[in-house]
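Here the structure comes first, spelled out in structure tokens, and everything after it is commentary.
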Amino acid sequence: MERDYVLFDLDGTLTDPMEGITRSVQYALGAYGIEEPDLKALCPFIGPPLGESFMKYYGFSRERAEEAIYKYREYFAVKGIFENRVYEGIPGLLGRLRERGRKLLVATSKPEAFAVQILEHFHLDGYFDWVCGASMDEKRVKKGEVIAYALETAGIRDVSKAVMVGDREHDVLGAKENGMDCVGVLFGYGDRQELEAAGAVKIVETVEELGRILLY
């Protein structure tokens, strides 16, 4: 799995954003009179595009889901963005990949501006050559679209030289849309069944195991 370019998902792959995302969703739902005291019940929002999740899990119309995204950002932009932690071992893995000459990218369905802030806050930004995310206007939000944007931004024309790393089916399916392989990780928010069904070429349980896949 030695590839010249490695694209990483952010939420559930580089960092654990559980508290910040779920509290932001909780805040947004509260604006519509929906109380959800159990933050773990909101974990399915981690990874997929927000609008899609508001419609899927709470029956919002597309219009209301778009409104809810703005309510979500009221909390997230101020507080939720930093209610987050880097998975143990990630900085070391990124450093070793850089030492081996790999070009690293972030490809996330989180708005790009937020992704940049998070990487800077946790001092991960120096490891990445490109940070590519969703657009604030939601016109580029699906994972396949974000990955295509990342490939274009980095000038990657031969996708056999690149691999995606992510924790949800959206990462795997988005990579496949662009003709790429995806390594699924189980330390995030997807499970083995989800990743296998989507078609991940490899599935790893730990950051250490991910390193063995990517470096050897």
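Numbers below:
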read-out: From phi via Karplus (6.51, -1.76, 1.60), per-residue ³J(HN,Hα) for segment 110-124 in Hz, x at Gly/Pro; value: 6, x, 4, 4, 5, 4, 4, 4, 5, 4, 5, 4, 9, 6, 9
read-out: Stokes-Einstein D (µm²/s) once Rh is taken as the Kirkwood radius of segment 60-128 over alpha-carbon pairs, at 10 °C in 1.306 mPa s; value: 114 µm²/s
read-out: Per-residue HN-Hα couplings for segment 52-57 [Karplus 6.51, -1.76, 1.60; θ = phi - 60°; Hz; x = Gly/Pro]; value: 4, 6, 4, 6, 5, 8
read-out: In Å², nearest 10: area of GLU52 left accessible to a 1.4 Å probe; value: 80 Å²
read-out: Relative contact order, percent, segment 48-161 [alpha-carbon distance under 8 Å, six or more residues apart]; value: 22 percent
read-out: Crossing angle, helix 90-99 versus the chain [Cα axis fit, 0-90 degrees, rounded to tens]; value: 30 degrees
read-out: Entries of LYS56/LYS202; LYS110/LYS143; LYS71/LYS110 with Cα pairs more than 20 Å apart; value: LYS56/LYS202
read-out: With Cα atoms, 0 to 90° folded angle of helix 18-30 axis to the chain main axis; value: 30 degrees
read-out: Computed helical MRE - 222 nm, the chain, DSSP H runs ≥ 4 contributing -39500 (n - 2.57), nearest 500; value: -13000 deg cm²/dmol
read-out: Long-range HN-HN contacts of VAL165 with modeled amide H, under 5 Å; value: LEU7, PHE8, ASP9, VAL183
read-out: Among GLN193, GLN117, GLN26: highest mean-square fluctuation, GNM of the chain, C-alpha pairs under 10 Å; value: GLN193
read-out: Counted charge near MET1, where neighbours are those whose Cβ lies closer than 10 Å (Asp, Glu -1; Lys, Arg +1); value: +1
read-out: Sites GLN117 and LYS40 - FRET efficiency at Förster radius 25 Å, r taken between beta-carbons, to 0.05; value: 0.45
read-out: Förster-model FRET efficiency, 25 Å R0, LYS161 and LYS139, C-beta, rounded to 0.05; value: 0.35
read-out: Ranked order, TYR87, TYR70 - accessible area, probe 1.4 Å, largest first; value: TYR70, TYR87
read-out: Estimated vicinal HN-Hα couplings, Hz - segment 183-194 in sequence order (Karplus 6.51, -1.76, 1.60; Gly, Pro = x); value: 9, x, 10, 9, 8, x, 10, x, 10, 4, 4, 4
read-out: Among GLY33, GLY47, VAL131 the positive-end extreme of the charge dipole of segment 1-143 (Cβ point charges); value: VAL131
read-out: 0 to 90° range, to nearest 10: angle between helix 62-76 axis and the chain longest Cα axis; value: 80 degrees
read-out: 1.4 Å probe accessible area per residue over the chain, in Å²; value: 46 Å²
read-out: Segment 126-215, relative contact order in percent, only Cα pairs under 8 angstrom and at least six apart counted; value: 21 percent
read-out: Environment charge of ASP171, counting only residues whose C-beta is closer than 15 Å and scoring Lys/Arg +1, Asp/Glu -1; value: -4
read-out: Accessible area in the full protein assembly, largest first, 1.4 Å probe, for ARG168, ARG64; value: ARG64, ARG168
read-out: Relative contact order, percent, the chain [alpha-carbon distance under 8 Å, six or more residues apart]; value: 26 percent
read-out: Most fluctuating residue given options LEU97, LEU39, LEU186, as computed from a GNM of the chain linking Cα atoms under 10 Å; value: LEU39
read-out: Radius 12 Å from Cβ of PHE114, net charge of other residues (Lys, Arg +1; Asp, Glu -1); value: -1
read-out: The chain - percent of accessible surface contributed by carbon and sulfur, probe 1.4 Å; value: 46 percent
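The values are calculated or read from the model by the stated rules, or taken from the named source; none is laboratory data. Remember, predicted model here, so these are calculated numbers, not experimental data. Cβ sites come from the backbone with ideal geometry, for glycine too, and all protein chains shown count toward neighbours. Heavy atoms of the whole protein, side chains included, go into the accessibility calculation; ligands, DNA and RNA do not. Shrake-Rupley method; radii C 1.70, N 1.55, O 1.52, S 1.80 Å.
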